[in-house]
Protein chains: 4
Amino acid sequence: MYTVPEGKIIKVGVLGATGTVGQRFIALLESHPYFAVHALGASARSAGKTYALAANWKQTTPIPSAVRDIEVKPCAPEHFKECAVVFSGLDADVAGDIEGAFRTAELAVFSNAKSYRRDPNVPLVVPLVNPFHLNIIPQQRLLHSPPLKKGFIVTNANCSTTGVVIPLAALERAFGPVESCIITTLQAISGAGYPGVPALDIFDNVVPYISGEEEKMEWETLKILGELADPAGDGTLAFDMHAHTPLRVSASCTRVPVVEGHTETVSVRFARRPAPSPQQVREALAAYTPVVQSVACPSAPRHAIWVHEEPDRPQPRLDRAFQQGAGVSVGRVRQCQVLDIKFVVLSNNVNIGAATSSIINAEMAILKGLVAV
Amino acid sequence: MYTVPEGKIIKVGVLGATGTVGQRFIALLESHPYFAVHALGASARSAGKTYALAANWKQTTPIPSAVRDIEVKPCAPEHFKECAVVFSGLDADVAGDIEGAFRTAELAVFSNAKSYRRDPNVPLVVPLVNPFHLNIIPQQRLLHSPPLKKGFIVTNANCSTTGVVIPLAALERAFGPVESCIITTLQAISGAGYPGVPALDIFDNVVPYISGEEEKMEWETLKILGELADPAGDGTLAFDMHAHTPLRVSASCTRVPVVEGHTETVSVRFARRPAPSPQQVREALAAYTPVVQSVACPSAPRHAIWVHEEPDRPQPRLDRAFQQGAGVSVGRVRQCQVLDIKFVVLSNNVNIGAATSSIINAEMAILKGLVAV
Amino acid sequence: MYTVPEGKIIKVGVLGATGTVGQRFIALLESHPYFAVHALGASARSAGKTYALAANWKQTTPIPSAVRDIEVKPCAPEHFKECAVVFSGLDADVAGDIEGAFRTAELAVFSNAKSYRRDPNVPLVVPLVNPFHLNIIPQQRLLHSPPLKKGFIVTNANCSTTGVVIPLAALERAFGPVESCIITTLQAISGAGYPGVPALDIFDNVVPYISGEEEKMEWETLKILGELADPAGDGTLAFDMHAHTPLRVSASCTRVPVVEGHTETVSVRFARRPAPSPQQVREALAAYTPVVQSVACPSAPRHAIWVHEEPDRPQPRLDRAFQQGAGVSVGRVRQCQVLDIKFVVLSNNVNIGAATSSIINAEMAILKGLVAV
Amino acid sequence: MYTVPEGKIIKVGVLGATGTVGQRFIALLESHPYFAVHALGASARSAGKTYALAANWKQTTPIPSAVRDIEVKPCAPEHFKECAVVFSGLDADVAGDIEGAFRTAELAVFSNAKSYRRDPNVPLVVPLVNPFHLNIIPQQRLLHSPPLKKGFIVTNANCSTTGVVIPLAALERAFGPVESCIITTLQAISGAGYPGVPALDIFDNVVPYISGEEEKMEWETLKILGELADPAGDGTLAFDMHAHTPLRVSASCTRVPVVEGHTETVSVRFARRPAPSPQQVREALAAYTPVVQSVACPSAPRHAIWVHEEPDRPQPRLDRAFQQGAGVSVGRVRQCQVLDIKFVVLSNNVNIGAATSSIINAEMAILKGLVAV
């Protein structure tokens, strides 16, 4: 496996750089050991301004001085030619066209948008779960005519999906397939971007509906937890959507008055009988070591899953900043009277639920030799 | 059935009158057609003061002028002798002894506390669901020696239980037994009383744990939805805990930054196959008419269950005040991919979840001739 | 003075009917003794739909049944010909043209928009302060060619101005001119309309700036508290901007995470020496009886100014609903170490700060015979 | 001036270690270059437990591993004998006796409590303003019999006072005495400690009163901004309370729904005529360099006052974490129509408003040779 040499700098670009996810990319990349922000793209309204002027900066840390004066460009590939990696925090309404054009221009795109998540040749990667899905990239390149040499698109999952597939992956690794899963999410307002949710809609309130969110969770979970298989035995890879053991996922998504950090209550039923005990589940979650840790991706958290023993944790305000939001926190592991086991998971929707996942995915793609650096 | 004559006034007392639930009793009783607040009880600290001075009034309507100058008494039966009905908003740590003493003193107690809910001779009544459980009162009186003539205790349910058993009762009436039910609650801070939850614990936060709450929901639901049976055929009544069709309930309780109104996501599985469709469920919920409506309890809501067609309702801030919080709002009725049907229910935890339930229970007990007026 | 006969119905229209202020007009008018909503105007996007479909109803009371099925019209005078009174909750960017056209079409317009507030022939009326400014209406009509017979525009003040001029008017009536006034506002998010303030901007936050707000407060206060004079002695009326005793107002406006109700801290210096004592000020505020009370405008509050003795009141959540938000609450009247007296005032920005003011102004204009009914 | 040698470790103790301010001390000290937490004191309820068990840890960073297993002691001097510095986050009701006993036991106490702030021999030091007030320590020691050799008490100011005296000090240094000052505070809930403010009191609300707070601001400001003089010329030092130019301060204190960060609107009048312009004020604030910066106290912020040019800053959520909360942010510097200049200041009430001030005071006392290390 490739290793990034000490001191090497890899130039990266950020699309949608002025938005909520774009700003988080820039805040996180400030202290990255080898990624350096080189180009910033945003809408025509921002293009031509310095980043400090274009961004309505809403992070609690100041704008990194290295990007303050970078001129924001339109989201066109010619401005990003020198970037080995392009991170996309674009809105879904424009992401499809722009990211496609970047791929065609032989750029490596790591996207938070939903546009390509259902594409059968685009991997949907939660880095603490299924980085081996990156193996479809060569096949993705071949679909172009002529085949691409460097360009590709990798997506990461919806923020609420990300929080739940990490513990589910740990459970499947330890106990075999999960058969069904009922989830209720309590999602933070930052998940809707900026300006996003009007204050009058969410103050002193819960909104028990987020358009399209439940469908995303129910579908993405299958792609992420499923295999990358060769069904015909002819070398053509396909995502099997957890076909070996059908998995039914039922989600109820709500928005709550929390700035950052998605809380989810989860009940699961295992295929295996008898089901594991709560204590076995706790141990399996705490012991979960995803491959991105063993290959030393610099942005991987030390603890993929932190298991709380306190009865009232995790909580978004207290736990979302732990490990810079790169892992998830699980608590309240106990029997479910209807399925087998229930627990609570907390994930930082802007970090591991968005920007951090893209960054670790890029680190992993570099280690796998998929990115020319 | 007895009817309260036009113009008749029935004197009532309120225990725990200065607390959150006690204040709501007083606010609701202000415009009651026949109940009139006659005596107020609180702790020694408040006793001897006028109510206006003793209560740290937190309602959004002013203190009713009729109670401003009532002298608050200690919670001893001798001060409530003239009250045909006594409502209790006492804290659980003192409710057991005080309410027991009031019953022994031949007073009719309608309590929000948990102390007697598990007593096999005390009915646990959600008035829109199981007022027929009041039929155990004669048996409750016989347990005393000598038997009581007028005294008894009726409890109402925990606020989060109340919200969910109302739609479950409607579903069971229409489609037969429910077999299992998975619930996540998003509970308001007013459910914890005053001072209750410290602001630092719940601002910009979710607390995924409320001590004892899940156990209450899982147990109370069975008592409320079960029958009042005569198992030995000897006239001895017993609550059967939904024995005819075992019902498994799994609850995950969370506290969210909302002042008033509990939101709950609910998934249910019916015994009957095939299960009803979402549209059939919607119609059954909207058509549900509890007996307290047909006998014209004055505090019963016009709509026991209001079914929303809008995709993003119910919401606590918009729906908690509807019908003075005496009914519940249901929305988002749809297929559950794991059980049969899922939906969202919103109930006002301080009204139908507490004070309003006690008041309707008392109205119902009067109509049944159980209270001497 | 004219009196509206018992049982008479006066048809009114509402412009901007789907917005925050428009919805409040409709909620308040539901129980009005003589105004009946007859026509509703909104943008082209809403026109043609029933009100129930067009309005994204955000009030905590249901849509009045009488308006649910009214067809929303474009804001053109021909649809409002039968309305004796037209209330405007239009946004400032369109209010100028539309309200002008309505006036020209001989309609009586009562507006919340800022567009005409600085017009020297349009009265800026806080109904608990200066309804005598309505006397300029005949002069306003004469400016048209040919002179208008029925049309005119009356504006009410900015919500944060309204809260402070009511106690200032009471103080000037009792103690003579105020000379200077320093105000800090803590304004609710509903003051910015809908969608208004993004949740991410105001959660767990204070925004110490509201564009144009301080200038409005500093200017409007002078027009409202000033006289309607005849400087040249030729019958030409002009607003004197408190010219007799120059009044300096300094405002610092902030937005706080409160849904409804503007809190303001106010320090004042009187011209008169010695200044009145806090107790004298308290008494003068409590005793203030504006003319709209004595002529029995049905929407006037019973108490123009409610003076709190409790040390920690007024508070927006507890006091904004008092008297349906038609009066103001004052508390903490005490010495100011720099000016003379300081106090806190709370006003409901959507009621007396907007819709209620327009309604009382219309009631007053009718009583004065300025509206043909 | 003494310099702490590279690598030297100075043992410190923390009193009230489990409370809000105590936790912040521990979080801040984790990365201190020479202070090392050696002993922790708390109430009898906590004593004997490890810190991890005793503290209900509410910080957003994990408990420092170096203190997790320290056994919490009662607040008695014998457990702190090895500590060169003792920080106190004790509640005012116990701080007087305990801190006095620690001083008598020859310990150097840096306290957040109000108990000794008005003591004429105890300095009240905001480290970015008046560290020269530490010069009274020798006189403080002489009051004991026999005179103390090492023990003393230094207090820091109330959190809302701290935010405002820093810009006032900068203005006085540049433009001479301030003559009067009107302040409104919008204070965060963390200022009240834990459990502190009940959520039901402050959600969707403003509480325009904090007991004793206005008096503290009005008095402390004079002591801090005044001189340490020798009025009789006999070597006896006394705080002159800004006697050379009487300063009148008028404060209105409110609590707002913000977790951390006090916002204050400030209007000032200078003695000097003409008053400086807003631009001159901006420049003077930005240029302000307190002595703790020039002597290189390690916890001093790089910018004592950060001056914002954006019209809508500072804001607590965006600015409270800047420089770890060790400086203050000022914005909206503009003319005041009544006094001379007005502006907005934001300070982190738990950092520079509490723990950080004590820490810098201790660093300064060490540099001045007042602490035996």
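One table, with the values for the structure above:
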quantity: Residue B:236/residue B:335 FRET efficiency (R0 51 Å; Cβ-Cβ; nearest 0.05); calculated: 0.75
quantity: Projected label distance in nm at residue C:36 and residue B:68, using a 7 Å step from Cα toward the beta-carbon; calculated: 3.8
quantity: Across the identical copies, how the residue A:33 labels are spaced - nm, sorted shortest first, 7 Å along Cα→Cβ; calculated: 2.7, 7.7, 8.0
quantity: Environment charge at residue D:272 (Cβ cut-off 15 Å; Lys +1, Arg +1, Asp -1, Glu -1); calculated: 0
quantity: Helix D:278-287 axis, angle to chain D major axis (alpha carbon atoms, nearest 10°); calculated: 20
quantity: FRET efficiency, 1/(1 + (r/R0)^6) with R0 45 Å, evaluated for residue A:215 and residue A:368 via beta carbons; calculated: 0.90
quantity: Label-point separation in nm, residue A:280 to residue B:291, each point 7 Å along Cα→Cβ; calculated: 4.7
quantity: Restraint check, B:223/B:342; C:49/C:81; B:8/B:368; D:223/D:342; A:73/A:368, Cα-Cα greater than 25 Å; calculated: A:73/A:368
quantity: Trypsin sites (Lys or Arg not before Pro) lying in DSSP loop within segment C:275-340, provided at most 13 other Cβ fall within 10 Å; calculated: C:302
quantity: Other protein chain Cβ atoms within 10 Å, averaged over every residue that makes up B:205-217; calculated: 5
quantity: Phi-based couplings in Hz for segment A:94-103 (Karplus 6.51, -1.76, 1.60; Gly and Pro marked x); calculated: 10, 4, x, 5, 5, 5, x, 5, 5, 4
quantity: Charge sum, other residues only, whose C-beta stays under 13 Å from residue D:139's C-beta, Lys/Arg counted +1 and Asp/Glu -1; calculated: -2
quantity: Chain B - mean residue ellipticity at 222 nm from DSSP helices (-39,500 (n - 2.57) per run, n ≥ 4, rounded to 500); calculated: -7500 deg cm²/dmol
quantity: Antiparallel content of DSSP bridges confined to the protein assembly as shown, in %, to 5; calculated: 45
quantity: HN-Hα J in Hz across segment C:198-214 - Karplus 6.51, -1.76, 1.60, θ = phi - 60°, x for Gly and Pro; calculated: x, 4, 5, 7, 10, 5, 6, 7, 10, 10, x, 6, 9, 4, x, 5, 5
quantity: Convex hull volume per residue in cubic angstrom - Cα atoms of the protein assembly as shown; calculated: 206
quantity: Most positive-pole-ward Cα, B:337, B:284, B:365, against dipole of segment B:272-373 from beta carbon charges; calculated: B:337
quantity: Length gained when the stretch residue A:142-residue A:244 is fully extended (0.36 nm per residue, less Cα-Cα span); calculated: 34.0 nm
quantity: Spin-label model distance (nm) - residue B:2 vs residue A:92, 7 Å beyond Cα toward Cβ; calculated: 6.0
quantity: For residue D:44, label point 7 Å along C-beta direction: distances to other copies, nm; calculated: 2.1, 7.5, 7.8
quantity: Shielding by other protein chains, A:314-321, mean Cβ within 10 Å; calculated: 6
quantity: Backbone N under 16 Å from the residue A:310 label point (7 Å along Cα→Cβ), restricted to segment B:186-206; calculated: B:198-206
quantity: Centre separation in Å (Cα based) which lies between segment D:140-209 and segment D:294-373; calculated: 12
quantity: Interchain or long-range residues, amide H under 5 Å from residue B:15's placed H; calculated: B:41, B:87, B:88, B:89
quantity: nm² value of the averaged projected area, convex hull over the Cα atoms of segment B:159-348; calculated: 12.3
quantity: Sequence-distant residues sharing a close amide H with residue B:272 (under 5 Å, placed H); calculated: none
quantity: Net length gained if the chain between residue C:76 and residue C:271 were fully extended (0.36 nm per residue, minus Cα distance); calculated: 65.4 nm
quantity: Packing-based exposure ordering (other Cβ within 10 Å, fewest first) of A:114, B:81; calculated: B:81, A:114
quantity: Shortest-first nm distances, residue B:236 label point to equivalent points in other copies (7 Å, Cα→Cβ); calculated: 7.3, 8.9, 10.1
quantity: Exposure rule at most 13 other beta-carbon atoms within 10 Å, DSSP loop GluC sites (Glu not before Pro): chain A longest free segment; calculated: A:83-308
quantity: Cα centroid of segment B:58-106 to Cα centroid of segment A:36-79, whole Å; calculated: 65
quantity: Cα-based equivalent ellipsoid of segment B:39-137: semi-axis lengths in Å, sorted from largest, via gyration tensor; calculated: 26, 16, 13
quantity: Chain lengthening between residue C:61 and residue C:104 when straightened (0.36 nm per residue, less Cα-Cα); calculated: 11.9 nm
quantity: Rel. contact order, % - alpha carbon contacts under 8 angstrom, at least six apart, segment A:159-347; calculated: 28
quantity: Trypsin sites (Lys or Arg not before Pro) within segment C:196-275, DSSP loop, no more than 11 other Cβ atoms inside 10 Å; calculated: none
quantity: Normalised contact order of chain C, rounded percent, pairs of Cα under 8 Å and 6 or more residues apart; calculated: 18
quantity: Global form of segment C:246-312, assessed from the alpha-carbon gyration tensor, a/c cut-off 1.5; calculated: oblate
quantity: Minimum Cβ-to-axis distance in chain C for the rotation onto chain A, with residue, whole Å; calculated: C:199, 2
quantity: Chain A, Cα convex hull volume normalised per residue, Å³; calculated: 134
quantity: For segment D:340-348, 3J(HN,Hα) per residue [Karplus equation, 6.51 cos²θ - 1.76 cosθ + 1.60, θ = phi - 60°, Hz, x = Gly/Pro]; calculated: 9, 9, 10, 7, 10, 10, 10, 9, 7
quantity: Coarse-grained scattering of segment C:166-279 at q = 0.13, 0.14 Å⁻¹, given as base-10 log I(q)/I(0) from a Debye sum over alpha-carbon atoms; calculated: -0.63, -0.70
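Just so you know, all these numbers are worked out from the coordinates, no wet-lab data involved. All figures in this text were calculated on a predicted structure; none of them were measured in a lab. Positions of Cβ are generated from backbone atoms using ideal geometry, with glycine treated the same way; all protein chains shown enter the neighbour counts.
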